[in-house]
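Asks: Below you'll find the structure I mean.
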Amino acid sequence: MLSDQAVSRIEAIAAQYPKGRSKSAVVPALYVAQRDSGGWLPREAMDEVAEVLELPASHVYGVASFYSMFYRTPVGKNVVQVCGTSPCRLRGAGEMIECLEKKLGIKTGETTADGEFTLMEVECLAACDKAPMAQINADYYENLDEAKVDEILDALRKGEVPSFAEFDRYFGNAHPVTMTDEELGISVEGIQRAENVVVKKQPEPAAAE
Amino acid sequence: MAYEDEPKIIHQHINVPDIKKVGVYEEHGGYTALRKALGEMRPEDVLNEVKNSGLRGRGGAGFPTGMKWSFMPKDVRPSYLVCNADESEPGTFSNREIILKNPHILLEGFILGCYAIGCEHGFFYLRGEFFKGYAVLRQALAEAKARGYVGKNILGTGVNLDITIHVGAGAYICGEETALLSSLEGDRGQPRLKPPFPAVAGLYAKPTSVNNVETLANVPFIINNGADAFRQWGPERSPGMKIVSISGHVNNPGNYELPMGTTFRDAIYNYAGGIRGGKEIKGFYPGGSSTPVFSPDKLDTPIDFDSVSAAGSLLGTAALCVFDEDTDIVAVTHRLLKFYKHESCGKCTPCREGNDWLVAILERLKYNQGRDGDADVLVDMANNIAGRSFCPLGDAAATPVRSGIANFREDFEKRITNPPDKQIFIPLEKIGH
């Protein structure tokens, strides 16, 4: 069952699209459902998304199965995704995957027995200049080496935020679109409306042709 | 002159601390273009300035931006502007840096674009993996709203604009504009047939312009300084600057904003510090993995749309992926094809099935089980994918195979006649799948 909080977040997202276009909210809504269901998407959660957005369940399954960031089987508490596309491979991504497999004691695509980590190889994450790199939960970790990997895995095992994470808070693998401004730390404190308001000049009437 | 001191357009202030905050961005001239446009220019003036600047789309196709905007019918409302921030072409990483470091330059360009085409509800389509980028852009948008640059009655001028940041969920195909629109409407990200073009029937079947991050981020400069200032760099038909993303076997990989017309040699050896370990360059993808690979004899080609096309490839996103003399091109091609196989949306048979076959043959070559004539079979198959699929993904997938074999045929054939345990060979990947 989706929590009330999840349902209201889905409704808030749907309101950001033009009237009658709430179908557009299906992807962000699936992120909300995924977060609400422990990091993956059981069928019941997809059914509820369909209900909230008034879409056929089959449509929601179709969307969920199209995109690689929706997990239709359970994943570990931490999702480790190493970019393995050629530009990263040129700079040691293959060795990095091998290193992570060894440290975690699993193969790519598997989850550790304690349910802490799932290791995946993913496609280009747009950080080719800082390879090898991995997205772990919400954060990109770049220019990875064995020492950094040790530090990251240790911190995550303790439930702490690794020192060089992009976010200073632990969000697990929840997408920030699922969060309210407050949760995400969006703040406009101290920002005033711009003062010197410009007055629009009346455009010159176009010359008769 | 050191790279840091050279003039730039988008990257001029990118390393200023806190430039992502609206106040700091304003201290560095931010939102003056918006004030100027709203105060002194009609929408068509903004559109004409961009048209006169000759700015061409930076997302890969290089279509003139002002012309794209001018195709939007003026009497059909609502109309939409969608910023394509689904950056996922292998080798490309310039948009992410703009979003993370200077989101307001992108927002300002976006607002100017909306004003030019009369759009009152604009969308960002941000790739799903950009968690931090999403958070940064959402903060920037909240700041811009608080300042009155976005929302109702912008700066008291009566102009309205609502902006929604939409997120994808991991699908390369959504960078293709019609697939992006399908995805934004809440469908599977599958491409649509053109015509109708998005300018006529795009998002929600309304007139829509889809523009890349880097394209829009150039617009504030053009409005502030005029089309001629933009044209001081680059050749007549490819004016301005281009962010060149350099990756692979170079000493200093990264994004470099360089005048159009800079040569690949200059970009690789001067800006990116040359090849790692003092090795020789074997080749490079000039504009992302979907553009035909170049051998070193093309190093003196200028980086602009027409010169790269004339030399037999495409500028694409100017994502230069460089590889050295020891690189196994069969393994590089194999991994790229695994990418295209994974990212094929499955709509067209040649792309869906063909990529699977290409990967299978490349795999047997990689593991020294190739058969005589495999190179010819690969080319034949690739020729039957290119031009026979709905969208450019099929063409893109055929490209590394066709151009790889055209340029490095003996590497493919050596895998059969002289397998790599007898060659000097650095394995690109140690693990198989």
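Quick note: the coordinates plus some simple rules give every number you see, no bench work behind them. Note that the structure is predicted; figures quoted are calculated from it, not measured. Note that we place each Cβ from the backbone using ideal geometry, even for glycine, and neighbour counts take in every protein chain shown.
Asks: Under 17 Å from a label point 7 Å along Cα→Cβ of B:His342: give me every residue in the range B:159-186 with its amide N that close.
Replies: Residues B:169-175 qualify, since their backbone N sits under 17 Å from the label point.
Asks: Quick one: which of B:Lys74/B:Lys101; B:Lys74/B:Lys132; B:Lys8/B:Lys101; A:Lys77/B:Lys132; B:Lys74/B:Lys194; B:Lys152/B:Lys206 span more than 26 angstrom between C-alpha atoms?
Replies: Pairs exceeding the cut-off: B:Lys74/B:Lys101; B:Lys74/B:Lys132.
Asks: Give, as a single signed number, the net charge of other residues whose beta carbon lies under 9 Å from the beta carbon of A:Pro162, with Lys and Arg counted +1 and Asp and Glu -1.
Replies: In short, -3.
Asks: Take every Cα-Cα distance within the range B:190-262, group them into 5 Å bins from 0 onward, and report for each bin the whole-number percent of pairs it holds.
Replies: Taking every Cα pair in the range B:190-262, the percentages come to 4, 13, 15, 16, 13, 14, 16, 8, 2, 0.
Asks: For the range B:113-127, just list the computed ³J(HN,Hα) in residue order, Karplus coefficients 6.51, -1.76 and 1.60, θ = phi - 60°, integers in Hz, with x standing in for Gly and Pro.
Replies: x, 4, 4, 4, 9, x, 8, 10, 9, x, 10, 9, 10, 9, 5
Asks: In a shell of Cβ-Cβ distance under 11 Å around A:Ala6, excluding A:Ala6 itself, what net charge do Lys and Arg (+1) and Asp and Glu (-1) give?
Replies: Overall, the nearby charge balance is -2.
Asks: For the range B:58-103, taking Cα atoms only, what is the radius of gyration to one decimal and the Dmax to the nearest whole Å?
Replies: Rg and Dmax of the range B:58-103, Cα atoms, are 13.9, 40 Å.
Asks: Taking θ = phi - 60°, what integer Hz values does the Karplus form 6.51 cos²θ - 1.76 cosθ + 1.60 yield along the range B:172-188, in sequence order, with x for Gly and Pro?
Replies: 4, 4, 5, x, 6, 4, 6, 5, 4, 5, 4, 5, 5, 7, x, 9, 4
Asks: Let me ask something additional. If you take the charge dipole of the range B:333-376 about its Cα centre, with +1 on Lys and Arg Cβ and -1 on Asp and Glu Cβ, which of B:Leu358, B:Gln369, B:Tyr340 is farthest toward its positive end?
Replies: So the residue we want is B:Tyr340.
Asks: A follow-up question, please. Greater than 31 Å separation of Cα atoms is the criterion. Which listed pairs, A:Lys107/B:Lys20; B:Lys68/B:Lys145; A:Lys23/B:Lys68; B:Lys145/B:Lys341, meet it?
Replies: A:Lys107/B:Lys20; B:Lys145/B:Lys341
Asks: Quick query: amide H of B:Phe294 versus all other amide H atoms, modeled in the peptide plane; which residues come in under 5 Å with a sequence gap of 5 or more or a different chain?
Replies: B:Phe284, B:Tyr285
Asks: Across the range B:335-346, in residue order, what do the Karplus-derived ³J(HN,Hα) couplings come to in whole Hz, using 6.51 cos²θ - 1.76 cosθ + 1.60 with θ = phi - 60° and x for Gly and Pro?
Replies: Per-residue couplings from phi come out as 5, 5, 5, 4, 4, 5, 4, 5, 8, 4, 6, x Hz.
Asks: Something else about it: PRE reach from A:Glu44 (point 7 Å along Cα→Cβ): which of the range A:61-102 fall under 15 Å by backbone N?
Replies: Within reach of a label on A:Glu44, which here means backbone N under 15 Å from a point 7 Å along Cα→Cβ, the range A:61-102 contributes A:74.
Asks: If r is the Cβ-Cβ distance from A:Thr73 to B:Glu410 and R0 is 41 Å, what FRET efficiency results, to the nearest 0.05?
Replies: 0.40
Asks: Another question, if that's okay. For labels at B:Arg265 and B:Asn153 in the simple 7 Å Cα→Cβ model, what's the distance in nm?
Replies: Using points 7 Å along Cα→Cβ, the separation is 6.1 nm.
Asks: For the range B:221-356, what's the radius of gyration and Dmax over Cα atoms, in angstrom?
Replies: 16.7, 50
Asks: When DSSP beta bridges are limited to those with both residues in the protein assembly as shown, what percentage is antiparallel, rounded to the nearest 5?
Replies: 50
Asks: Long-range amide H contacts for A:Met120: which residues qualify at under 5 Å (H placed 1.01 Å from N, peptide plane, sequence gap of 5 or more or a different chain)?
Replies: Result for A:Met120 returns A:Val80, A:Gln81, A:Val82, A:Gly109.
Asks: Also, I was wondering about something else. Suppose the chain between B:Tyr367 and B:Asp326 were pulled fully straight at 0.36 nm per residue; how much longer would it get relative to their current alpha carbon spacing?
Replies: 13.0 nm
Asks: Calculate how steeply helix A:57-66 sits against the longest principal axis of the alpha-carbon atoms of chain A, using the helix alpha-carbon long axis, and give the answer as 0 to 90 degrees to the nearest 10.
Replies: Helix A:57-66 sits at roughly 60 degrees to that axis.
Asks: Can you give me the long-range amide H partners of B:Phe124? Hydrogens built in the peptide plane at 1.01 Å from N, cutoff under 5 Å, separation of 5 or more residues or another chain.
Replies: Excluding prolines and chain starts, which carry no amide H, the hits are B:Cys83, B:Thr164, B:Ile165, B:His166.
Asks: Next question. Taking the Cα atoms only, what angle lies between the long axis of helix B:392-417 and the longest principal axis of chain B, rounded to 10 degrees?
Replies: So the inclination is approximately 30 degrees.
Asks: Two decimals is fine: what is log10 I(q)/I(0) at q = 0.12 Å⁻¹ for the protein assembly as shown, from a Debye sum with one equal scatterer on every Cα and no solvent?
Replies: Reported log10 I(q)/I(0), two decimals: -1.35.
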